[in-house]
1. For the residue pair residue 163 and residue 188, what label-to-label distance in nm results when each label sits 7 Å from Cα along the Cα-to-beta-carbon direction?
2. With r as the distance between the Cβ atoms of residue 132 and residue 91 and R0 = 45 Å, compute the FRET efficiency 1/(1 + (r/R0)^6) and round to 0.05.
3. Could you calculate the FRET efficiency of residue 52 with residue 197 from 1/(1 + (r/R0)^6), where r is the beta carbon distance between them and R0 is 35 Å, rounded to 0.05?
4. From a point 7 Å beyond the Cα of residue 170 in the direction of its Cβ, which residues of the stretch 102-118 have a backbone N at a distance under 18 Å?
5. Between residue 59 and residue 141, how high is the FRET efficiency from 1/(1 + (r/R0)^6) when r is the Cβ-Cβ distance and R₀ = 30 Å? Nearest 0.05.
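Read the figures in this text as sums done on the coordinates, not as results from a lab. Everything quoted here is computed from the prediction, not taken from an experiment. Here the Cβ positions follow ideal geometry from the backbone for every residue, glycine too, while neighbour counts run over all protein chains shown.
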């Protein structure tokens, strides 16, 4: 009986110790490395793009990268990573999707509305999930919340992107044709994949 109690006590002690390690904040250097790595991850996603002949907006994985960074790393680190990504692009680094002029010119082109929204999109996805992901045992609920956060962030993204396209084309109908209809189903898939991956890998990152 005494041995059983000692084993239970040791198991609880180990659980508490591991929990404190998992919740221990990252060091500043580690967080900076995470932010830089996340910005480069989005850059890699952006380079995976397919130009479409009927719209100036390419089909790319950049939106998926933005959602995954926000859902996985949380609101503040997500915002910082995407702000850094825009600075990298503005400085001339080849981080934006093709086709495009790159640099500051791309931040004023047809996709500028999407690009400028990226930091807020990542922040929104992370912020919503941080405030709704309270059930540590129910993975199904966490996935639904992550998907909801992703959809809300996508609404913000397309609101910004379509508004900018409407300014350039002087027509919301044309803006919707160029910037929404062709991408609708692809964005649903991106949201679902980003939500699934964030459930699998993100909780430990968001908790610190």
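1. The two pseudo-label positions are separated by 2.7 nm.
2. 0.80
3. After rounding to 0.05, the efficiency reads 0.85.
4. Label zone hits: 110.
5. Once the sixth-power term is evaluated, E becomes 0.45.
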